[in-house]
Each structure stands twice: as structure tokens, then as C-alpha cells.
Amino acid sequence: MSASPQTSRSVQVNQYGGPEQLQVVNLSVGEPGPGEVRIRHHAAGLNYTDVYFRTGLYPLPVPLQLGMEAAGVIEAVGAGVTHLKVGDRAAYASQPPGAYCELRVMPAKCVCKLPDAISFETGAAMMLKGLTVQYLLKRTQPQGGLHAGDTVLFHAAAGGVGLIFCQWAKALGIHVIGTAGSEAKCALAREAGAAHVINYATEDFEARVKEITGGKGVKVVYDAVGKDTWDKSLNCLSMFGLMVSFGNASGPVAPFSPGILAPKGSLYVTRPTLFMHISTRESTQEMADDLFEAVTSGKVKIRIDQTYKLEDAAQAHRDLEARKTTGCTVFTL
């Protein structure tokens, strides 16, 4: 006989729109089916991708629960799940959304055991952002690869992904030119290991990149900003350089003709997503092990600058969209 369903406070969107659409509701949570686990969260992470789901830029049927990463304790395990057991500390970045909650049943594939040396709050803050950095640095390679001594440009370097990227890249010997929108944020990126930092609110980042690189440009541009930075970012690349578009914080990139890539240096463009990279249990675990090693070794420190309660999810989204946040943000449960 199956156990009676439990109730979980969860953040739900009933129609696409602004932060005011985020509502806390009580949802029934049952038993995990084959390939699933039930996890009780201690903390959940906030990411810009949550905004895309809330607004419908990434459309899913509503009502919709938000949140792509969290950490907690496994309460029940479905048939066929062998890498987790009841009582395990665990963390994940995973689809479908639904991490803004106390308790959920979800696919086990992307859920990983969390090392004892990493707190629940850190685990919740680092999985989506840290695994994103892992695939950007290790799996999204320019022609000839990325090596110590190479120079790259990273936009929004003081954000959660950016601060992890700056630290990890520095540990690999890669020179990062970071951009940010204020002097305070520039200081954070510099502290995290960026070799050069550009305040794009007061400086022309294209001109500064050309100046820093002696006119040569960078081997890779990593851009989660989108519309506002696209054109100048292409001009920052060296010959055969790689443009990595992995987000749309300022809006989606406008359609463009591939023909423009030729005179700019036979450039490469890619639009990767984390969830393609963690589409198998094996790749998820391999990437998570690399991330866990980077964090437990001290090469990468996860900075949590904001915490909210679930009831304050709307304010958290307002602060994120107003670029008032730095580092990582978590909901504590």
C-alpha cells in the first residue's frame, strides 16, 4: 500500500508575466515512480533561466512550478534508481522546473550525492551555475582548444556564473576579461580572478578589449546577456574565434546573417545549453564530480550574497531583473 500524499509549499505561475505572477501554493506530493526520487529540500537556487520560464520566453504549459536547482535529503527512491538511497544528502540541476518548493518527486538522473564538505545552501547555489561553467570551460571549445595563457571575454562577470567562471578559469591559467555594470561589481570580478575588468556602464567594452589585447581580440566570448552585447562581442573575437551565446538577460539576440561571420574572421557561433550536456546519468556525474573537486579543493568558492524565503520569490525576481544581485542567491527552507 502506498503512503498517503504529503503536502509541499511550492511557488507556482498560473499565467506568464511579471514577478507578481509568483504565488505560493500547497501541492500534493506522492511516491516516486521508476527512475524517480522524492527529495526534501533544505535550499533552492535562483537563476536567470527562472525568469525566462516565468515570462514564457521558454514556454511550458501553465500552471508551472519554477526552479532548476536545489539541495536536500532523499526521502524515497523509485524502482531502478541505484546511485541514491534514502537519507543521502543530494543536490541537482535538473529539468523539469519545480525546485522552489519544500518537497518534490523528480527524475533521479541528474540528482547527485552531495559531498559532506559542501553545505546544502552551497549545493543549492552552485549546481546549475557550476555545471554551466564546467561545460563552458571544458566542453565548449574554440578551434585548437582552450589552454593556459589564452584570453577570453566573459560578460556579467560578477553574477553567479561569472564569479565561478573567473575563479575556475584562473585556476586553469586562462586570462579572463570580465565585464560588469558597476564599479562594485567590477571589484567582485577582479577579486574572483579576472585579469581585467571593464565597467560597460562607463566604458566601451569593444574598444577596451582591443586595447587590452593589442588589437588581436580574444579566443572566446562567453555571453549570457544577449541582445545588448551581441554585435560588439563579435567584434572582440580574434580570427577563428568562438562566440558562445548561453543566455538572454537583455533579450534574445536578433536574427543575423551567417555571412557577417566571414569578414569578421571566419568566426564560429554556438548556442549550447546545460541540459544537453547533462542528458545522461554518466555525463551528469562526470561533470558534477569535476565541480565538486573544484569546490572542495578551494579552487572555487561559492559566494551566496542573497537569501530569501519562498514567500519572497517575487521580490527575489525583481532584484535579479534589476541587476541588484551579485554572486549566488538561494531560497532557504
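FYI, it's all coordinate maths here, none of it is from the lab. Just so we're clear, the structure is a prediction, and the values are computed from it rather than from any experiment. Every residue, glycine as well, gets a Cβ built from its backbone with ideal geometry; the counts of neighbours run over all protein chains shown.
Here the simple spin-label model places points 7 Å from the Cα toward Cβ, and for N235 and A201 these points are separated by 2.3 nm. Contact order, relative form, for segment 209-249: 46 percent (alpha carbon pairs under 8 Å, 6 or more residues apart, mean separation divided by residue count).
Of the residues L66, L27, the one with the fewest other Cβ atoms within 10 Å heads the list, and the complete ranking is L27, L66. The phi-based Karplus calculation (6.51 cos²θ - 1.76 cosθ + 1.60; θ = phi - 60°) puts the 3J(HN,Hα) values of segment 247-257 at x, 9, 4, 9, x, x, 5, 5, x, 9, 7 Hz, whole numbers, x for Gly and Pro. Note on A187 and Q23: the model spin-label points, each 7 Å out from Cα along the C-beta direction, lie 4.3 nm apart.
For segment 141-271, the relative contact order is 21 percent, taking Cα pairs closer than 8 Å that sit 6 or more residues apart in sequence and dividing their mean separation by the residue count.
At the listed q of 0.13, 0.14 Å⁻¹, the Debye profile of segment 141-271, built from one uniform point per Cα, gives log10 I(q)/I(0) equal to -0.47, -0.54. Over 29 Å apart at the Cα level, from the set K138/K216; K85/K170; K219/K309, are K85/K170; K219/K309. Contact order for segment 9-103, expressed relative to its length and based on alpha carbon pairs under 8 Å spaced 6+ residues apart, stands at 36 percent.
Per-residue extension of 0.36 nm, minus the Cα-Cα distance of S266 and K216, leaves a gain of 16.6 nm for this segment. Which net charge results for the neighbourhood of L60, defined as the other residues with beta-carbon distances under 14 angstrom from its beta-carbon, given Lys and Arg at +1 and Asp and Glu at -1? So the environment of L60 carries a net charge of 0. Segment 92-135 and segment 1-68 have Cα centres spaced 14 Å apart. Using the Karplus relation 6.51 cos²θ - 1.76 cosθ + 1.60 with θ = phi - 60°, the per-residue 3J(HN,Hα) values for segment 214-230 come to x, x, 6, x, 10, 6, 9, 10, 9, 10, 9, 7, x, 3, 6, 10, 4 Hz, with x marking Gly and Pro.
In cubic angstrom, how much convex hull volume per residue do the alpha carbon atoms of segment 247-311 span?
In segment 247-311, the Cα hull volume divided by residue count equals 223 Å³.
Quick test of the membrane-span-like rule: which DSSP H helices of the chain reach at least 15 Å along their long axis (C-alpha atoms) with mean Kyte hydropathy at least 0.0? Before the final figure, lay out the partial values.
Working: long enough: 120-138 (25 Å, 0.59); 160-171 (17 Å, 1.03); 281-296 (22 Å, -0.71).
Within the chain the helices that satisfy the rule are 120-138, 160-171.
The calculated FRET efficiency for the pair Q15 and A254, based on their C-beta separation and a Förster distance of 25 Å, comes to about 0.40.
Candidate cross-link partners of K185 among the aspartates and glutamates, defined by an alpha-carbon separation under 20 Å and a same-chain spacing of 8 or more, comprise E203, D204, E206, D223, D228, D305, D319, E321. Within a Cβ distance under 14 Å of G35, other residues only, what is the Lys/Arg minus Asp/Glu net charge? Residues near G35 contribute +1 overall. All other residues whose Cβ lies under 12 angstrom from that of M243 are scored, Lys and Arg at +1 and Asp and Glu at -1, for a net of +2.
In whole angstrom, how far apart do the alpha carbon centroids of segment 294-321 and segment 241-280 sit? Going from one Cα centre to the other spans 27 Å. Placing pseudo-labels 7 Å out from each Cα toward the beta carbon at K85 and Y58 gives an inter-label distance of 3.4 nm. Divided by 2.2 N^0.38 Å, where N counts the residues, the Cα radius of gyration of the chain comes to 1.00.
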